[in-house]
Amino acid sequence: MIQLKDVSYVRLGSPDLEQAEQFATACLGLQIAERGKADLYLRSDDRSHTLCYSEGNPKDQTVGFEVDDEASLQNAAATLEALGHGVHAGTAEEADRRKVKAFIGFRDPSGNHIELVVRPERSGRRYFASRDAGITGFSHVGLNSTDPARDERFWTQICNARVSDRIGDIPLMRVNAIHHTIALVRAPQAGIQHINHQVESSDDVLRSYHFLNERRVPIVFGPGRHPTSGARFLYFKGPDGMIFEYSVGVDEIEDEATHRPRQFGFEPTSFCMWGSKPAGMTLPNK
Ligand SMILES: O=C(O)c1cccc(O)c1O
Ligand SMILES: [Fe+2]
């Protein structure tokens, strides 16, 4: 069994790094860690980076997850190969670019680009962004799935993810005590459906709602509260149509052994207990 420890980073292709930088710093509230030749590294917490915009096609989207050590990485590669997932062993140069010791790349059953990484770099400096969005860290991703039941089996049976709750057939899955690190969302093709950063307080969520509105950043859902994790949230649209979420107050699963996933109906009140409705954001279709 592959044991995912945490989500590590997202890599996004972008045709316009300048626009990406503008959004990431002035709207989202990330800190520039480094500008590479064709890469923009951004921080949200004590890691050296958690988001990297890379010059290229916006369809190129990758999520990195941390595993324990190089032996675990080798085991993971063998497991995935045996299941018929083509595995790319990252070169030293590619690992450098990701600021990790070693990594492998493969596709999940829907075709999402996934990387497993060992020893992602931390920074000795604390995260300090120019816009005070109250971000405390990168926390989870929504992944498109062409078949959520099949992909749930992949993530739970092969990668040791556990289902915390389901909305319709959409699983919210954890890899540690945090309610969810991966949410699957039904979609016609692979891709990252949203990128979540945690913020310090509900005040930060509401402050950002007004701040982003004033700057004409499209708000696509919220402010609201998820009945599943209990988090107060706001979703908005960034460059290349990518959806970002701020949330605060995500539950932790207290007892790993006895937790049973709750089933929520596939309806708006399962996504927001305050009655907010998504606008211009496709919630998964049944
Ligand atoms: O936090 C949640 O529970 C949640 C539920 C549905 C969709 C999401 O993106 C979430 O983060
Ligand atoms: Fe989310």
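Readers should treat all values here as calculations from the given coordinates under stated rules, not as data from a laboratory. Predicted model only: the values in this text are computed from it and were never measured. Ideal geometry is used to build each Cβ from the backbone, glycine not excepted, and the neighbour counts take in all protein chains shown.
Of note:
- When residues of segment 225-238 are limited to those that are over 16 Å from the mean Cα position of the chain (by Cα) and surrounded by 20 or more Cβ atoms within 10 Å (Cβ to Cβ), the one nearest to ligand 2 (Cβ to nearest atom): 226
The rows are residues; the columns are (1) among the polar types (S, T, N, Q); (2) more than 16 Å from ligand 1 (Cβ to nearest atom); (3) in contact with a Lys or Arg (Cβ under 7 Å, 6 or more places away or on another chain).
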{"residue": "180", "(1), (2), (3)": "no, no, yes"}
{"residue": "185", "(1), (2), (3)": "no, no, no"}
{"residue": "209", "(1), (2), (3)": "no, yes, no"}
{"residue": "215", "(1), (2), (3)": "no, yes, no"}
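- For segment 3-38, a residue qualifies if it is assigned to a strand (DSSP E or B) and either over 14 Å from residue 98 (Cβ atoms) or touching a Phe, Trp or Tyr at 6+ places or on another chain (Cβ under 7 Å) (or both), and the qualifying residues are 6, 7, 8, 12, 13, 14, 31, 32, 33, 34, 35.
- Scope segment 190-219; condition crowded, with 18+ Cβ neighbours inside 10 Å and either away from ligand 2 (no atom under 12 Å from the Cβ) or in a helix (DSSP H, G or I) (or both); matching residues: 190, 191, 199, 204, 205, 208, 212, 217, 219
Rundown of residues vs (1) of a type in the set (Phe, Trp, Tyr); (2) buried (at least 17 other Cβ atoms within 10 Å of the Cβ); (3) under 22 Å from the mean Cα position of the chain (by Cα); (4) farther than 25 Å from residue 174 by Cβ, yes/no style:
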site	(1), (2), (3), (4)
43	no, yes, yes, no
49	no, yes, yes, no
60	no, no, yes, yes
65	yes, yes, yes, no
69	no, no, yes, no
86	no, no, no, yes
89	no, no, no, yes
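- Taking the criterion of being free of Cβ contacts under 8 Å to residues at least 60 places away in the same chain and in contact with a Lys or Arg (Cβ under 8 Å, 6 or more places away or on another chain), the residues of segment 54-68 that qualify are 54, 60, 62, 64.
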